[in-house]
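Asks: Please see the structure below; I have some questions.
The values are calculated or read from the model by the stated rules, or taken from the named source; none is laboratory data. None of the values given here were measured: they were computed from a predicted structure. When we count neighbours, we look across all protein chains shown, and the Cβ atoms used for this are built from the backbone with ideal geometry, even at glycine. Accessible surface is based on the protein model in full, side chains and every heavy atom, while ligands, DNA and RNA are left aside. Shrake-Rupley method; radii C 1.70, N 1.55, O 1.52, S 1.80 Å.
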Amino acid sequence: MVDSFRHAGQPLCPHPSAVAGLVVLSLLGLLALFAPVIAPYDPFALSGNAMLAPPGPDHWLGADQLGRDLLSRLLYGARISFHVAVLSVGFALGIGTLAGGIAGYVGGWIDQVVSRCVDVLFSIPDILLALAIMAALGPTLNHLVLAIGIVYTPIFARIARGAVLDLRHADYIEAARSIGSSPAAILYRHVLPGILGPLVVQTTLSFAFAILTEAALSFLGLGVEPDQPSWGILLNQGKDLMERAWWIAVFPGLAITLTVFCFNLVGDGLRDALDPRVRAEKRA
Amino acid sequence: MTRRSPREFEPEKSRPPALLSVDGLRVSLRSRTRMLPAVQEVSFSMQRGEILALVGESGCGKSLTAQALLGLVGKNSLGQVEGSIRFKDRELTDLSEREMRAIRGREIAWVSQDPMTSLNPVYPVGAQIAEVPWLHQLCRTRNQARGVAERWMDRVGIPDPALRARDYPFAFSGGMRQRLVISMGLSGEPDLIIADEPTTALDVTIQAQILDLLHDLRAQTGCAILLITHDLGVVAQWCDAAMVMYAGRIVEKAPVGELLANPTHPYTQNLLASVPTPGHRRPLQPIPGQAPALEDIPSRGCPFRERCALARAACEVHMPDLVGSAVHRVACWDREVKA
């Protein structure tokens, strides 16, 4: 029998790619966290000698047209990317889940109002909405967090509402009522775990989108302040020098790709790990 | 209206006080415009250890009656419950939601219709069964509660309960899941189990196993079982007495042997005539028409008159009372005239 497998209790283990993604992300996170310690140069220090220096022993990833060390700038850029991703997705997760959850559980006109707001937000393309908010508020880091947060709020609201609606009439909720569970116990024991899976998966995937959106907005000049070494800004600065100094655009691009890819790997792994049915198929 | 002859008022044999006695239960559901009477004038009582069947077509108010007993309708804006439900000398309709919660699962348990969906897919089954003794403080620790759950899984015939308790619901077949749901119902050691069509979702062979199980558990624990079903075969084989329900009213009530040998209400007769008997090739007689939808139940007169071959003028005007001997009662004008 497969019984011995079932009690392994290590949900991510059958997903080596997700584990790899998690390891790389943890590494990137540590690098970002300790950027001031690790970075070989000051990311803002100009150096006349190093202008457009190619990757080499002095500057591992090369330097830009003002002689600033690209590796140091990428490390500091990671701080910005992770900062924006975590805060904006946290914002979207909190507000979206609360609004969607209440709408689903209470129903009635509250549900109507929330759902229509969500529909309106959904009808505007993500990047356009974020651009509009940034254009209205002005390009600063906090505004960027707010803009990306607003853009991703409706996704969480919709997921939470759908999941709660599904659960509200589930037979096992009725069964829980019939054994004498209190409403608070039902919310905690049955509704929350039921919606947690899809939310966790969506959170992980949203990190990837938030990093992409931050890069895109910064690339377009409506992200963080232009003197900040965000990945999008590095990409933007590199695009004009592609023929003379490919490294200025390619390494930030690789950093974005790697991070987004890893978040997606972890998200997919989590989706499988959190679904008991998929878990069964893998083991069978 | 003919009056009942005095000899039909034989005092019931002195019995111990009833476990459950329902008197004049009415459940109304709120529609957009008015309150719709979904269950009307339902009265019955149950003794400890009795298996009572509640029979009727879909939508006739069987499940709603059961939900009213558990206090799961009427406490919200959607419905309203009137009448008296006395359970072990307490009036359930007077209890607060908090007091009802202490009764649900502990004193009155519910075994639901669909074992495939009434277990939460994200928890191991043992933990879900253990919830009942834990919630009702029959155990001091979660571990003890798990032990209780495993004992009940063993008693309902789940092999290797200690190991299987850690499995998730998807790993069980339909019959096994219904056993789990039953063990969940029993683990609070209730005095009354309401089994709402516990075998509808199962194969016929599994059905017999589950009903045998309920029968055995009744013998072991002495609990009473209110078995909601539309299957007269189930009634004949496993129940002590039966109530036939039509459009929210009880139209006939009798011990099972008596009901099958001597069905009196035309609806009961029709029901029995529409069930095939193995070995007998006789044409089945479907009941013409269909049971009225909730909003179409006539506000006066007998709700069955439209489908009844014996309908007469009186049926249009008044709903007949449930009358007869102490054991066999029927609500039909035809029967009253004959008596």
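Asks: Look at segment B:275-297 and say how many of its residues are open to solvent by 40 Å² or more (accessible area, probe 1.4 Å) and assigned to a loop (DSSP other than H, G, I, E, B).
Replies: 16
Asks: May I ask you to list the residues in segment B:191-228 that are among the β-branched types (Val, Ile, Thr) and farther than 11 Å from residue B:178 by Cα?
Replies: Result: B:193, B:194, B:204, B:205, B:221, B:225, B:228.
Asks: Here's something else I'd like to know. Looking at residue B:191, is it among the charged types (D, E, K, R), away from every other protein chain (no Cβ under 14 Å) and over 25 Å from residue B:331 (Cβ atoms)?
Replies: Here the answer is yes, as residue B:191 does meet what is asked.
Asks: Please count how many residues of segment B:122-178 are away from every other protein chain (no Cβ under 11 Å) and of a type in the set (Phe, Trp, Tyr).
Replies: 2
Asks: Of all residues in segment A:175-184 being facing chain B (nearest Cβ under 7 Å) and part of a helix (DSSP H, G or I), which is most open to solvent (accessible area, probe 1.4 Å)?
Replies: So the first thing to find is which residues in segment A:175-184 are facing chain B (nearest Cβ under 7 Å), and the list is A:175, A:177-182.
Then drop every residue that is not part of a helix (DSSP H, G or I), which leaves A:175, A:177-178.
Details: A:175: 13, A:177: 79, A:178: 3 Å².
Only one residue tops the list, namely A:177.
Asks: Sticking with this structure for a sec: Would you check if residue A:81 is open to solvent by less than 40 Å² (accessible area, probe 1.4 Å) and closer than 30 Å to residue A:201 by Cβ?
Replies: yes
Asks: Can you report the number of residues in segment B:196-233 which are surrounded by 22 or more Cβ atoms within 10 Å (Cβ to Cβ) and of a type in the set (Val, Ile, Thr)?
Replies: Selection size over segment B:196-233: 5.
Asks: Now for a separate question. Is segment A:233-241 home to any residue that is modelled with pLDDT under 85 and in a loop (DSSP other than H, G, I, E, B)?
Replies: Looking for residues that are modelled with pLDDT under 85 and in a loop (DSSP other than H, G, I, E, B), one finds none in segment A:233-241, hence no.
Asks: Quick one: how many residues across segment B:53-98 are open to solvent by 50 Å² or more (accessible area, probe 1.4 Å), within 14 Å of chain A (Cβ to nearest Cβ) and modelled with pLDDT of 90 or more?
Replies: Total meeting the criteria: 0.
Asks: Can you find, within segment B:12-25, the residue that is most open to solvent (accessible area, probe 1.4 Å) among those that are modelled with pLDDT of 90 or more and on the phi < 0 side of the Ramachandran plot?
Replies: B:23
Asks: Tell me which residues, restricted to segment B:122-143, are open to solvent by 80 Å² or more (accessible area, probe 1.4 Å), at negative phi and not in a helix (DSSP H, G or I).
Replies: Result: B:140, single match.
Asks: Just to be sure I understand, how many residues within segment A:99-124 are at pLDDT 90 or above, open to solvent by 70 Å² or more (accessible area, probe 1.4 Å) and not β-branched (Val, Ile, Thr)?
Replies: Within segment A:99-124, residues that are at pLDDT 90 or above, open to solvent by 70 Å² or more (accessible area, probe 1.4 Å) and not β-branched (Val, Ile, Thr) number 5.
Asks: Answer yes or no as to whether residue B:146 is in a helix (DSSP H, G or I) and either more than 24 Å from the chain's Cα centre (by Cα) or under 30 Å from residue A:184 (Cα atoms) (or both).
Replies: yes
Asks: Within segment B:30-51, is even one residue closer than 26 Å to residue B:233 by Cα, assigned to a loop (DSSP other than H, G, I, E, B), among the basic types (Lys, Arg) and modelled with pLDDT of 85 or more?
Replies: The answer is yes, given that some residue of segment B:30-51 is closer than 26 Å to residue B:233 by Cα, assigned to a loop (DSSP other than H, G, I, E, B), among the basic types (Lys, Arg) and modelled with pLDDT of 85 or more.
Asks: What pairs come out if I take residues in segment B:261-278 that are free of Cβ contacts under 8 Å to residues at least 12 places away in the same chain and pair them with residues that are outside any loop (DSSP other than H, G, I, E, B) and open to solvent by 30 Å² or more (accessible area, probe 1.4 Å) whose C-beta lies under 6 Å away, six or more apart or interchain?
Replies: Taking only residues 6 or more apart or on different chains, the pairs are B:263/B:269; B:263/B:272.
Asks: Run down A:66, A:131 and say which single residue is touching a residue at least 12 places away in the same chain (Cβ under 8 Å) and in a helix (DSSP H, G or I).
Replies: None of the other options fit; the residue is A:131.
Asks: Would you point out the residue of segment B:99-121, among those that are within 16 Å of residue B:20 (Cβ to Cβ) and open to solvent by 10 Å² or more (accessible area, probe 1.4 Å), that is farthest from the other protein chains (Cβ to nearest Cβ)?
Replies: Applying the filter and picking the extreme gives B:107.
Asks: Among (1) within 29 Å of residue A:195 (Cβ to Cβ); (2) in contact (Cβ under 8 Å) with a residue 24 or more places away in the chain; (3) assigned to a helix (DSSP H, G or I), there is one condition residue B:66 misses while meeting the rest; what is its number?
Replies: If we test residue B:66 against (1) within 29 Å of residue A:195 (Cβ to Cβ); (2) in contact (Cβ under 8 Å) with a residue 24 or more places away in the chain; (3) assigned to a helix (DSSP H, G or I), just (1) comes out false.
Asks: Mind checking whether some residue in segment A:142-161 is within 13 Å of chain B (Cβ to nearest Cβ), at pLDDT 85 or above and assigned to a helix (DSSP H, G or I)?
Replies: No: zero hits.
Asks: For residues that are outside any helix (DSSP H, G or I) and at negative phi, tally how many sit in segment B:198-254. Before the answer, list the steps.
Replies: So in segment B:198-254, the residues outside any helix (DSSP H, G or I) come out as B:198-203, B:222-231, B:239-254.
Cutting the leftovers down to at negative phi gives us B:198-203, B:223-231, B:239-246, B:249-254.
Total meeting the criteria: 29.
Asks: Let me ask something else. If you go through segment A:165-172 one residue at a time, do you hit one that is within 14 Å of chain B (Cβ to nearest Cβ) and either aliphatic (A, V, I, L, M) or on the phi > 0 side of the Ramachandran plot (or both)?
Replies: Scanning segment A:165-172, I find at least one residue that is within 14 Å of chain B (Cβ to nearest Cβ) and either aliphatic (A, V, I, L, M) or on the phi > 0 side of the Ramachandran plot (or both), so the answer is yes.
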